1. Given (1) within 24 Å of Val39 (Cα to Cα); (2) in contact with a Phe, Trp or Tyr (Cβ under 6 Å, 6 or more places away or on another chain); (3) outside any helix (DSSP H, G or I); (4) at pLDDT 95 or above, where does Asn86 come up short, assuming only one miss?
2. Between Leu106, Leu167, Leu102, which is within 15 Å of the chain's Cα centre (by Cα), of a type in the set (A, V, I, L, M, F, W, C) and part of a helix (DSSP H, G or I)?
3. Would you check which residues across segment 155-206 are over 16 Å from Ile88 (Cα atoms) and either touching a Leu at 6+ places or on another chain (Cβ under 6 Å) or among the polar types (S, T, N, Q) (or both) and list them?
4. Select from segment 209-237 the residues that are over 23 Å from the mean Cα position of the chain (by Cα) and assigned to a helix (DSSP H, G or I) and list them in ascending order.
5. Report every pair of residues separated by at least 6 positions or lying on different chains whose Cβ atoms are under 8 Å apart, first residue within segment 126-137 and farther than 15 Å from Leu189 by Cβ and aromatic (Phe, Trp, Tyr), second surrounded by 12 or more Cβ atoms within 10 Å (Cβ to Cβ) and modelled with pLDDT of 95 or more.
6. May I ask you to list pairs of residues, at least six apart or on different chains, whose Cβ atoms are under 8 Å apart, with the first in segment 4-21 being over 20 Å from Pro68 (Cβ atoms) and the second being of a type in the set (Gly, Ala, Ser)?
7. Could you give me the residue pairs with C-beta distances under 8 Å whose first residue belongs to segment 157-179 and is free of Cβ contacts under 8 Å to residues at least 40 places away in the same chain, whose second residue is part of a helix (DSSP H, G or I) and of a type in the set (A, V, I, L, M) wherever it lies, and which are 6+ apart or on separate chains?
8. Just give me the residues in segment 109-126 being in a loop (DSSP other than H, G, I, E, B) and in contact with a helix residue (DSSP H, G or I) (Cβ under 6 Å, 6 or more places away or on another chain), in sequence order.
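The values are calculated or read from the model by the stated rules, or taken from the named source; none is laboratory data. Predicted, not measured: the structure shown is a model, and the values here were computed from it. Virtual Cβ from ideal backbone geometry, glycine too; neighbours counted across all protein chains shown.
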Amino acid sequence: MESNLTRCGIVVPTLGNRPDYLRECLSSIRKSGDAAICVVGDESNEINQLLKEGLIDILVPDSKAGLPAAINKGFHYLPKQIEFINWIGDDDLLASGSLDTLSLILETQTTISMVFGACTYIDRHGKKVWENRSGQWAVPLLRFGPCLIPQPGALFRRDAFNEVGGLSKDYGWAFDLDLFIKLSKLGKLKYIPQTVSFFRWHQDSLTVGKRIHSVQEASRIRVKHLPAALKLFSPLWEIPVRKITMFAGLHVSRSARNQIPR
């Protein structure tokens, strides 16, 4: 990697308990384009081996202050020349050439604060479960409906991220929604009809408890960003939106479970 030419940076927070997934994740980032890869996690034999192999450029110790704090810390340690950033889970993947495609759009269209594409949901074995091709209409929906922008398939400007204050540490589940709404106030969020990422929906992400917390937190975030005059009426759509979002998540969970060998 020629760091003096690198304009993209990807942060990968990890607990280090999924080394096979982590290796696959980092390899996919390398194939997606020219990017500095910063892993936030504890040093281990597996991590040191990935460093030796050149799959990690920067290793930052996790301060154990929560996921948003870990991601913010990773972004802070990226080289100064990095202009376009995102984070990705250690079990998710980027499509080949996707970062090159997304970064070119940000380079040439300066009014865009974030670009995102389609995302394929896969099970723990990498088999397709569902396809998220939300489209441009997912942007206005952010304020009144479920967040259909696939976070792993996004790329945003570092200066815009810093301007909105980074990821809020007030949220533990839907902090990406809060960020997207804030970025939409600074510039356009643009969708491209191309699969750029793969989100792994496996047993660790199927728990109903986590889903409920995420849905409830997303609802609070949407209401927070509403004009004061609309907040009073928000239960009219927030209650059905929460139910629809829960139902959709359970449907994907059932599909993933049906593909997991027993």
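1. It fails just one condition, (2).
2. On the way: Leu106 fails: within 15 Å of the chain's Cα centre (by Cα); Leu167 fails: part of a helix (DSSP H, G or I).
After ruling out the rest, the residue left standing is Leu102.
3. Ala160, Asn162, Ser168, Ile181, Ser184, Gln194, Gln203
4. Hits for segment 209-237 are Ala228, Ala229, Leu230, Lys231, Pro235, Leu236, Trp237.
5. Hits for this filter: Trp130/Thr120.
6. Going by the 8 Å Cβ cut-off, the qualifying pairs are Thr6/Ala35; Thr6/Ala36; Arg7/Ser103; Cys8/Gly33; Cys8/Ala35; Cys8/Ala36; Cys8/Ser103.
7. Note: pairs meeting the criteria are Val164/Leu179; Val164/Leu183.
8. As a first pass, look at segment 109-126 and keep what is in a loop (DSSP other than H, G, I, E, B): 109-111, 123-126.
Residue satisfying the conditions is Asp123 alone.
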